[in-house]
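Colleague: This structure is in structure tokens; I'll ask about it shortly.
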Amino acid sequence: MSQVTIESILQEKRLFPPSAEFSQSAHIKSLAEYQQICARAQADPQKFWAELAEQELHWFQKWTTVLDWQPPFAKWFEGGKINISYNCLDRHLATWRKNKAALIWEGEPGDSRTLTYAQLHREVCQMANVLKQLGVQKGDRVGIYLPMIPEAAIAMLACARIGAAHTVVFGGFSAEALRDRLVDGQAKLVITADGGWRKDTAVPLKAQVDKALADGSVPTVKDVLVVRRTAQQIQMEPGRDHWWHDLQQGVSANCPAEPMDSEDLLFILYTSGSTGKPKGVVHTTAGYNLYTHITTKWIFDLQDTDVYWCTADIGWITGHSYIVYGPLSNGATTLMYEGAPRPSNPGCMWDVIEKHGVNIFYTAPTAIRAFIKMGEHLPNARNLSSLRLLGTVGEPINPEAWMWYYRIIGGERCPIVDTWWQTETGGIMVTPLPGAIATKPGSATLPFPGIIADVVDLEGNNVPANEGGYLAVRHPWPGMMRTVFGDPDRFRRTYWEHIPPKDGQYTYFAGDGARRDEDGYFWVMGRVDDVINVAGHRLGTMEIESALVSHPAVAEAAVVGKPDDLKGEEIVAFVTLEGTFDPSEELNKELKKHVVQEIGAIARPGEIRFTEALPKTRSGKIMRRLLRSLASGQEVSGDTSTLEDRSVLDKLREGT
Ligand code: WT7
């Protein structure tokens, strides 16, 4: 299996048009229809989004202004009153969907649960009332640190219902990472579980929360709500910690959704950037609701009888937008899975598809590459004929993996939507509409209607076809992040100042390299900043470096990504030691463990290389380009004239 390279994608000429059968019943049925919608959106973007907002969502009160754009700060649907929990639940109760499955949960070990819209509504209202009883008010922030259990979705919707913003922290993050996020978001309460199932073991969560909150290190947190999941031994601190099942007893299931202003904070989700500190990406209510709703409907071509399964974790934006909010806003049946393939049950994903008759399956290239490795006999032994649409997200997909997915999982009948987007964009930006756009293996194809995406140079000019450049977006869209929580300057600097405004038009810089081919199709090449993508998880090299440097033995650290067949990229850290420490196998192991402790298992370096010095420019900047070449075993090429001390490079080559 090879990585996505310029050569491989330029050779990739195969075209897969949707079948007539698929197109006929799709929401968007042809390229002509897609182009028509795009033209309409481009001619009058505000009218386009306003019409959709009117048709697709319930409003307590209509907006007065569609878009207020003070670059780079956008306000959508100002004057409107809306609640996303109402749009995801209440409005379906008045329809035949009331008793439709909203959430199918496949848990470990062998647990499962289905909640209808009426049942999900009831639980959300109860949790919302419990949060209120605990003093959570509109405008407060609530931390959510949960495994993949229904209560994760319930907690998010309960927060949204009462106007408290959630900040979900992936359950695989360490206590330290959790603490940093709770402090930055000034969370008032944390919702967690005793533990969660990962592969075949019960991992602790509540104990991590205890550690994060120890010694009053998050003074804003007053209460912890604990869901019983694994029944493992935990400490409950009187006055602070409460069992969810205790407080749920007898609490009212009547909790009207709070009418929110369109631009009220819906959630903060932390993501890595090129500096050490993760950014709190801010999403607000109405625009996010509309954008996730319409992208889910058109891209996954949701039909009323579909069972839809997105394999992401709730802790990432994909889980927010395409497990919870987008599907539920559409009244769909969304499946949530707590498990993962593991040696004791390598075919578990295919069992879930067969058991529930999954129609739409959305996963990551890194997962597909792992499925390939485990062998096609596993999917072949199951009946996957219910599938009608496949999706991928998170990193570029290599054409080989695309073809395997198409043939083995999709039986050559399911279109594949390769969806490019980011935490910051709220929803999918570049993607096929499956009934309308012919796909090419490895290409995310074309922008979603209303999205003006381009590949540009650093002056903001579009680059010619098949030339590399930067993926950029020209016009604000409803799902875009509004700011970095507490740091509007960082928002401006990170996304809006790399490319200068042209003719007064501000351009969003995504941080990805890309090219468009002669058909205008996008081929995303990966990050151009100090962000690496390990198994679909986004990590800042600086974050990992800070973690390493916080260890007493480490003087300096430089982290780069190296191509990896399975994970896309693998972390390689170059480390110099403090005078009294010597390189050793033990220290190598200890440093890896230290990074896991500081950030989480997703950040464990694949390789740590001790070195006497790091290659730097005369101004002291670490030359990562050289380290990247070294890490991947390539010849160090390009300009090395700015290197301060050339012998450093020679020593690194020799591995000292
Ligand atoms: C970065 C965003 C939002 C989805 C989950 C990741 C990479 C995402 C694709 C794709 C090529 C992709 C980009 C992007 N990426 N989807 N279909 N093809 N690259 O969200 O953690 O915010 O990461 O993931 O590099 O910038 P995220």
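Colleague: How about segment 478-500: which of its residues are more than 28 Å from Gln186 (Cα to Cα) and in contact with a Gly (Cβ under 8 Å, 6 or more places away or on another chain)? Let's see the steps before the verdict.
Modeller: The initial filter retains those residues of segment 478-500 that are more than 28 Å from Gln186 (Cα to Cα), namely 497-500.
Of everything in segment 478-500, those that are more than 28 Å from Gln186 (Cα to Cα) and in contact with a Gly (Cβ under 8 Å, 6 or more places away or on another chain) turn out to be Ile499, Pro500.
Colleague: Within segment 112-147, count every residue that is touching an Asp or Glu at 6+ places or on another chain (Cβ under 7 Å), surrounded by 17 or more Cβ atoms within 10 Å (Cβ to Cβ) and more than 21 Å from Gln249 (Cβ to Cβ).
Modeller: 1
Colleague: Now a separate question. Restrict the check to segment 210-233 and report whether at least one residue is of a type in the set (Asp, Glu) and touching a Phe, Trp or Tyr at 6+ places or on another chain (Cβ under 9 Å).
Modeller: Of the residues in segment 210-233, the ones of a type in the set (Asp, Glu) are 210, 215, 223.
Remaining after also requiring touching a Phe, Trp or Tyr at 6+ places or on another chain (Cβ under 9 Å): none.
No, there is no match, as no residue in segment 210-233 is of a type in the set (Asp, Glu) and touching a Phe, Trp or Tyr at 6+ places or on another chain (Cβ under 9 Å).
Colleague: Still on this structure: Could you check Arg407 against (1) basic (Lys, Arg); (2) more than 16 Å from the ligand (Cβ to nearest atom); (3) in contact with a helix residue (DSSP H, G or I) (Cβ under 8 Å, 6 or more places away or on another chain); (4) assigned to a helix (DSSP H, G or I) and say which number it fails?
Modeller: Every listed condition holds for Arg407 apart from (3).
Colleague: Can you name every residue in segment 359-387 that is of a type in the set (D, E, K, R) and within 16 Å of the ligand (Cβ to nearest atom)?
Modeller: At the first step, the residues of segment 359-387 found to be of a type in the set (D, E, K, R) are 369, 373, 376, 382.
Residue satisfying the conditions is Arg369 alone.
Colleague: Looking at Ala631, is it surrounded by 19 or more Cβ atoms within 10 Å (Cβ to Cβ) and closer than 15 Å to Ser550 by Cβ? Full working, then the answer.
Modeller: Values: surrounded by 19 or more Cβ atoms within 10 Å (Cβ to Cβ): yes; closer than 15 Å to Ser550 by Cβ: no.
Here the answer is no, as Ala631 does not meet what is asked.
Colleague: May I pose another question? Out of everything in segment 310-357 that is away from the ligand (no atom under 16 Å from the Cβ) and part of a strand (DSSP E or B), what residue ends up being surrounded by the fewest Cβ atoms within 10 Å (Cβ to Cβ)?
Modeller: The first filter runs over segment 310-357 and keeps only residues away from the ligand (no atom under 16 Å from the Cβ), leaving 328-357.
With the extra rule that they be part of a strand (DSSP E or B), the set shrinks to 333-337.
On the way: Thr333: 26, Thr334: 26, Leu335: 25, Met336: 24, Tyr337: 22.
Once the filter is applied, the top-ranked residue is Tyr337.
Colleague: Can I ask one more? Report yes if some residue within segment 483-492 is closer than 19 Å to Val455 by Cβ, in contact (Cβ under 8 Å) with a residue 40 or more places away in the chain, away from the ligand (no atom under 16 Å from the Cβ) and touching a Pro at 6+ places or on another chain (Cβ under 9 Å); otherwise report no. Step through it out loud before you land on a result.
Modeller: As a first pass, look at segment 483-492 and keep what is closer than 19 Å to Val455 by Cβ: none.
No, segment 483-492 has no match at all.
Colleague: Looking at this structure, is Lys206 of a type in the set (D, E, K, R) and modelled with pLDDT of 95 or more? First the steps, then the outcome.
Modeller: On the way: of a type in the set (D, E, K, R): yes; modelled with pLDDT of 95 or more: yes.
Yes.
Colleague: Among (1) surrounded by 19 or more Cβ atoms within 10 Å (Cβ to Cβ); (2) closer than 25 Å to Pro447 by Cβ; (3) not basic (Lys, Arg), where does Glu108 come up short?
Modeller: Result: Glu108 fails condition (2) only.
Colleague: Right, next: Taking only pairs six or more apart or across chains, which ones have beta-carbon atoms under 8 Å, a first residue in segment 213-241 that is within 18 Å of Ala193 (Cβ to Cβ), and a second residue that is surrounded by 14 or more Cβ atoms within 10 Å (Cβ to Cβ) and among the hydroxyl-bearing types (Ser, Thr, Tyr)?
Modeller: As it stands, the answer is Val224/Thr192; Leu225/Thr192; Val226/Thr192; Val227/Thr192, since those pairs meet every condition given.
Colleague: Which residues, taken from segment 503-532, are near the ligand (Cβ under 10 Å from one of its atoms) and free of Cβ contacts under 8 Å to residues at least 12 places away in the same chain? I'd like the intermediate steps shown before the answer.
Modeller: Initially, segment 503-532 is screened for residues near the ligand (Cβ under 10 Å from one of its atoms), giving 510-514, 522-529, 531-532.
Residues satisfying the conditions do not exist here.
Colleague: Looking at segment 81-104, which of the residues that are of a type in the set (A, V, I, L, M) and touching a Ser or Thr at 6+ places or on another chain (Cβ under 9 Å) is farthest from Met260 (Cα to Cα)? Explain how you work it out, then say what you get.
Modeller: Of all residues in segment 81-104, those of a type in the set (A, V, I, L, M) come to 82, 84, 89, 93-94, 101-104.
Right, trim to touching a Ser or Thr at 6+ places or on another chain (Cβ under 9 Å) and you get 82, 84, 101-104.
Working: Ile82: 5, Ile84: 9, Ala101: 27, Ala102: 23, Leu103: 25, Ile104: 28 Å.
Ranking the qualifying residues of segment 81-104, first place goes to Ile104.
Colleague: Now for a separate question. For segment 398-411, check the following and say yes or no: at least one residue is in contact with a Phe, Trp or Tyr (Cβ under 6 Å, 6 or more places away or on another chain) and either touching a residue at least 24 places away in the same chain (Cβ under 8 Å) or not aliphatic (A, V, I, L, M) (or both). Break it down into steps so the answer makes sense when it comes.
Modeller: Let us first name the residues in segment 398-411 that are in contact with a Phe, Trp or Tyr (Cβ under 6 Å, 6 or more places away or on another chain), namely none.
No; the residues of segment 398-411 include none that is in contact with a Phe, Trp or Tyr (Cβ under 6 Å, 6 or more places away or on another chain) and either touching a residue at least 24 places away in the same chain (Cβ under 8 Å) or not aliphatic (A, V, I, L, M) (or both).
Colleague: For segment 463-511, enumerate the residues that are assigned to a loop (DSSP other than H, G, I, E, B), in contact with an Asp or Glu (Cβ under 8 Å, 6 or more places away or on another chain) and hydrophobic (A, V, I, L, M, F, W, C).
Modeller: Within segment 463-511, Val463, Ala465, Met480, Met481, Phe485, Ile499 qualify.
Colleague: Tell me, which residue of segment 426-454 that is within 13 Å of Ala472 (Cβ to Cβ) and surrounded by fewer than 23 Cβ atoms within 10 Å (Cβ to Cβ) is farthest from the ligand (Cβ to nearest atom)?
Modeller: In the first step, residues of segment 426-454 are kept if they are within 13 Å of Ala472 (Cβ to Cβ); the result is 429-430, 447, 451-454.
Filter once more, so that each one left must be surrounded by fewer than 23 Cβ atoms within 10 Å (Cβ to Cβ): 447, 452, 454.
Values: Pro447: 13, Ile452: 18, Asp454: 15 Å.
So the residue we want is Ile452.
Colleague: Please go through segment 1-40 and give me each residue that is surrounded by 14 or more Cβ atoms within 10 Å (Cβ to Cβ), within 27 Å of the chain's Cα centre (by Cα) and at pLDDT below 95, ordered by number.
Modeller: Passing the criteria: Gln3, Val4, Ser8, Ile9.
Colleague: Which residues, taken from segment 561-578, are among the β-branched types (Val, Ile, Thr), away from the ligand (no atom under 16 Å from the Cβ) and crowded, with 20+ Cβ neighbours inside 10 Å? Give the steps one after another, and end with the answer.
Modeller: Quick first cut of segment 561-578, residues among the β-branched types (Val, Ile, Thr) only: 571-572, 575-576.
Then drop every residue that is not away from the ligand (no atom under 16 Å from the Cβ), which leaves 572, 575-576.
If the condition is that a residue be among the β-branched types (Val, Ile, Thr), away from the ligand (no atom under 16 Å from the Cβ) and crowded, with 20+ Cβ neighbours inside 10 Å, then Val572, Val575 are the ones that fit.
Colleague: With (1) surrounded by fewer than 20 Cβ atoms within 10 Å (Cβ to Cβ); (2) touching a helix residue (DSSP H, G or I) at 6+ places or on another chain (Cβ under 9 Å); (3) of a type in the set (Gly, Ala, Ser); (4) closer than 21 Å to Gln303 by Cα as the list, and Ala94 as the residue in question, which single condition is left unmet?
Modeller: (2)
Colleague: Please count how many residues of segment 606-656 are in contact with a strand residue (DSSP E or B) (Cβ under 7 Å, 6 or more places away or on another chain) and in a loop (DSSP other than H, G, I, E, B).
Modeller: Within segment 606-656, residues that are in contact with a strand residue (DSSP E or B) (Cβ under 7 Å, 6 or more places away or on another chain) and in a loop (DSSP other than H, G, I, E, B) number 10.
Colleague: What helices (runs of 4 or more DSSP H), lying completely within segment 201-299, carry at least 3 residues that are out of contact with any strand residue (DSSP E or B) (no Cβ under 9 Å at 6 or more places or on another chain) and not polar (S, T, N, Q)?
Modeller: Numbers: elements: 206-213, 244-248, 285-299.
Ranges flagged: 285-299.
Colleague: Now for a separate question. Name the one entry in Glu590, Glu585, Glu543, Glu497 that is crowded, with 21+ Cβ neighbours inside 10 Å and either more than 16 Å from the ligand (Cβ to nearest atom) or within 30 Å of Thr419 (Cβ to Cβ) (or both). Please lay out each step first, then the result.
Modeller: Numbers: Glu590 fails: crowded, with 21+ Cβ neighbours inside 10 Å; Glu585 fails: crowded, with 21+ Cβ neighbours inside 10 Å; Glu497 fails: crowded, with 21+ Cβ neighbours inside 10 Å.
Within the list Glu590, Glu585, Glu543, Glu497, the selection yields Glu543.
Colleague: So, one more: Would you tally the residues in segment 255-309 being surrounded by 24 or more Cβ atoms within 10 Å (Cβ to Cβ), more than 16 Å from the ligand (Cβ to nearest atom) and among the aliphatic types (A, V, I, L, M)?
Modeller: 6
Colleague: Hey, any hits in segment 583-591 for a residue that's part of a loop (DSSP other than H, G, I, E, B) and either farther than 22 Å from Arg538 by Cβ or in contact with a His (Cβ under 6 Å, 6 or more places away or on another chain) (or both)? Explain how you work it out, then say what you get.
Modeller: The first filter runs over segment 583-591 and keeps only residues part of a loop (DSSP other than H, G, I, E, B), leaving 583-584.
Now drop any that are not either farther than 22 Å from Arg538 by Cβ or in contact with a His (Cβ under 6 Å, 6 or more places away or on another chain) (or both), which leaves 583-584.
Yes, because at least one residue in segment 583-591 is part of a loop (DSSP other than H, G, I, E, B) and either farther than 22 Å from Arg538 by Cβ or in contact with a His (Cβ under 6 Å, 6 or more places away or on another chain) (or both).
Colleague: For segment 108-116, indicate whether the set of residues that are part of a strand (DSSP E or B), farther than 25 Å from Glu258 by Cβ and not polar (S, T, N, Q) is non-empty.
Modeller: Yes, that holds for at least one residue.
Colleague: Given the conditions (1) within 16 Å of the ligand (Cβ to nearest atom); (2) over 22 Å from Gly513 (Cα atoms); (3) not aromatic (Phe, Trp, Tyr); (4) not in a loop (DSSP other than H, G, I, E, B), and given that Thr419 satisfies all but one, which numbered condition is not satisfied?
Modeller: Checking Thr419 against (1) within 16 Å of the ligand (Cβ to nearest atom); (2) over 22 Å from Gly513 (Cα atoms); (3) not aromatic (Phe, Trp, Tyr); (4) not in a loop (DSSP other than H, G, I, E, B), the one that fails is (2).
Colleague: Among the candidates Ala202, Ala207, Ala193, single out the residue that is out of contact with any Lys or Arg (no Cβ under 7 Å at 6 or more places or on another chain), in contact (Cβ under 8 Å) with a residue 24 or more places away in the chain and farther than 26 Å from Gly276 by Cα. Walk me through how you get there before you give the answer.
Modeller: Details: Ala207 fails: farther than 26 Å from Gly276 by Cα; Ala193 fails: out of contact with any Lys or Arg (no Cβ under 7 Å at 6 or more places or on another chain).
On inspection, the qualifying residue turns out to be Ala202.
The values are calculated or read from the model by the stated rules, or taken from the named source; none is laboratory data. Since we're looking at a predicted model, the values are computed, not measured. With ideal geometry, Cβ positions are generated from the backbone for all residues, glycine too; neighbour counts draw on all protein chains shown.
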